[in-house]
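One structure is given here, and the rest of the page talks about it.
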Amino acid sequence: MNYLKGRGLSGDVAKRFGIGFAPDAWDGLIQTLGVNDAALRDLLTAGLVVENDNNRRYDRFRDRIMFPILDRRGRVVAFGGRVIDKGEPKYLNSPETPVFHKRRELYGLYQVARSQTNVERILVVEGYMDVVALGQFSVNNAVASLGTATTTEQLEMLFKTAPEVVFCYDGDAAGRRAAWRALETALPLIRDGRQAGFLFVPDGHDPDSLVREKGSSAFTDRQAIKPLSEFLLDELAAKTNMQSIDGRARFVDLTKPMVAKIPMGSFRQLLIQRISELADLDARTFSSSFGVKRPGTRAVARPRGRKAPSLVEKALKPLLFDPKLALAVKNRGLLSQLSNENANFLFEIIEFINTQPDITTGALLEHYRDSPFRDLLDRQVETPLVLDREAHSLEFQQAIDALLRKSEPSALQRAQAEKQRRANEATKSQE
């Protein structure tokens with residue numbers, strides 16, 4: 001309690017986050033809860049007790065301030081512990097368990113959702129104490145990732161809670177590298193109605209010290225937040241000489257793979273427009289490099305040597321940009337009967353989407369990140385979809401219908417099969 005008071009925390013905020021303490025003993029928890037073999041097995045499974053190579057069992061958390069980690073329903077699924085004085089590691093988390101997967105949980109998200117009816121913005125910080133200290137100063141929209149870079153799964157959870165996510169990092173080189181990783185994770189998830197930005201803490205500060213010195217306005221004032229698009233373009237422009245033609249050409253080349261990750265929508269189009277302005281390039285010229293077809297213009301010619309898209313690709317491209325198309329596919333099981341392995345992979349994706357009907361393009365690509373078919377997926381999203389929704393829906397269905405026809409026996413095949421069946425029956429009757 002003295003330690004928490006020394007950090008400027010009140011009893012109310014400690015109670016809100018359920019902060020506790022693990023005594024400096026090797027078997028304090030075992031003595032309290034390990035009343036029989038079944039209880040000990042539960043403690044081991046939960047990661048609260050550790051068993052070494054000599055079969056000795058001891059408490060994982062000792063002499064640490066304890067932070068319960070809650071899931072979105074408010075159930076304790078894990079713990080984080082911070083040393084009081086000196087010691088390593090400074091922070092210790094529960095291991096992966098049947099109920100805790102750190103890629104899917106965020107410290108403080110339950111408290112954020114509980115404290116507000118309509119959450120407009122969520123602030124992502126690095127540590128438990130940052131979340132708690134901000135809560136002490138009525139900044140009640142902060143969460144922390146659990147010792148890893150923010151994952152796609154975590155971001156999807158955040159965007160389901162609030163339309164805007166702001167990442168808070170140190171302003172040094174390490175902080176900006178962490179921000180860039182967050183940006184790359186966020187780009188495929190940015191669509192109309194969603195925003196992301198960055199708030200960089202000045203040198204010599206962390207969120208805890210900054211909020212005590214400057215107050216909550218340091219984290220609530222929109223002027224302090226750098227929009228994702230601005231951070232993206234500033235970082236890429238810093239790698240080139242924007243005063244020269246060669247430098248601006250290099251800048252455009254650097255932006256292309258980043259833009260390609262963004263789903264179609266107004267954010268993507270406005271970003272293309274801004275890149276064109278910075279590079280002193282006609283926006284139509286830059287858009288055409290992504291295969292964008294504009295009214296009154298011819299479609300961009302396919303580069304020589306590139307094959308026309310296969311039926312699988314004609315179905316896969318609109319499906320990746322609009323996963324809900326999979327929900328309307330009938331007789332999809334026939335796709336698995338084709339000898340074409342790409343068609344089998346298309347069937348697998350369609351099946352997967354039907355189990356996750358609300359999945360986004362970014363989450364879908366993340367799910368298949370390590371798939372042997374990743375190159376096939378990347379080719380589909382490297383250029384945007386040039387058709388409107390009605391047109392690309394029609395193209396998808398036509399490609400699926402053509403593939404299904406291939407999986408069905410032809411009239412000639414059916415006639416031959418029937419002829420063979422009759423011949424077999426005649427032979428049996430003669431015997």
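In order along segment 129-134, the Karplus-derived 3J(HN,Hα) couplings, from 6.51 cos²θ - 1.76 cosθ + 1.60 at θ = phi - 60°, round to 5, 4, 4, 5, 5, 5 Hz, and Gly and Pro are given as x. Applying both filters, DSSP loop and at most 13 other Cβ atoms within 10 Å, to the trypsin sites (Lys or Arg not before Pro) of segment 204-262 gives LYS239. Under the shape rule built on the C-alpha gyration tensor, where the axes satisfy a ≥ b ≥ c, the chain is oblate, since a/c reaches at least 1.5 while a/b does not exceed b/c. Relative to the longest principal axis of the Cα atoms of the chain, helix 266-278 runs at roughly 80 degrees. Projecting the Cα atoms of LEU346, VAL76, VAL211 onto the charge dipole of the chain, computed from C-beta unit charges around the Cα centre, puts LEU346 farthest toward the positive end. When the alpha-carbon atoms of segment 2-101 are used, the pair Rg, Dmax equals 14.3, 43 angstrom. Annotation for segment 69-133: GluC sites (Glu not before Pro) lying in DSSP loop with at most 11 further Cβ atoms inside 10 Å of their Cβ are GLU120.
With viscosity 1.002 mPa s and temperature 20 °C, the Kirkwood radius over alpha carbon pairs of segment 92-249 converts through Stokes-Einstein to a diffusion coefficient of 130 µm²/s. Over the chain, DSSP H runs of length four or greater, each weighted -39,500 (n - 2.57), average out per residue to a 222 nm ellipticity of -14000 deg cm²/dmol. Give the shape of segment 311-407 as rounded, prolate or oblate, defined through the alpha-carbon gyration tensor: a ≥ b ≥ c are the square roots of its eigenvalues, a/c under 1.5 means rounded, and otherwise the shape is prolate if a/b is larger than b/c and oblate if not. Note, shape of segment 311-407 comes out rounded. 3J(HN,Hα) couplings calculated from phi for segment 38-50 with the Karplus curve 6.51 cos²θ - 1.76 cosθ + 1.60 (θ = phi - 60°) are, in sequence order, 5, 5, 5, 4, 5, 5, 5, 5, 6, x, 7, 10, 10 Hz; Gly and Pro show x. Amide H contacts of ARG64 (H built 1.01 Å from N, in plane; Pro and chain starts excluded): ALA22 sit under 5 Å, all sequence-distant by 5 or more or on other chains. For segment 337-404, trypsin sites (Lys or Arg not before Pro) are listed when DSSP marks them as loop and at most 14 other Cβ atoms sit within 10 Å of their Cβ; the list is ARG369. Dividing the convex hull volume of the alpha-carbon atoms in segment 7-52 by its residue count gives 113 Å³ per residue. Ranking of GLU51, GLU235, GLU366 by neighbouring Cβ atoms within 10 Å, starting from the fewest: GLU51, GLU235, GLU366.
Shape index of segment 239-288: Rg/Rh, with Rg the Cα radius of gyration and Rh the Kirkwood radius from the inverse mean 1/r over Cα pairs, equals 0.96. Taking amide H as placed 1.01 Å from N in the peptide plane, PHE79 has its amide H under 5 Å from the amide H of ILE69, SER94, each at least 5 places away in sequence or on another chain.
Counting only residues at least eight positions apart within a chain, or on another chain, the aspartates and glutamates with an alpha carbon under 15 Å from that of LYS160 are ASP71, GLU105, GLU120, ASP192, ASP358. For ASP208, neighbours were defined as the other residues whose beta-carbon sits under 9 Å from its Cβ, and their charges (Lys and Arg +1, Asp and Glu -1) total 0. Charge dipole (Cα centre; +1 on Lys/Arg Cβ, -1 on Asp/Glu Cβ; no other charges) of the chain amounts to roughly 1220 debye.
All of the numbers you see were taken from the coordinates with simple rules; none came from a lab. Source: prediction; values computed, not measured. Note that each Cβ is placed from the backbone with ideal geometry, even for glycine, and that neighbours are counted across all protein chains shown.
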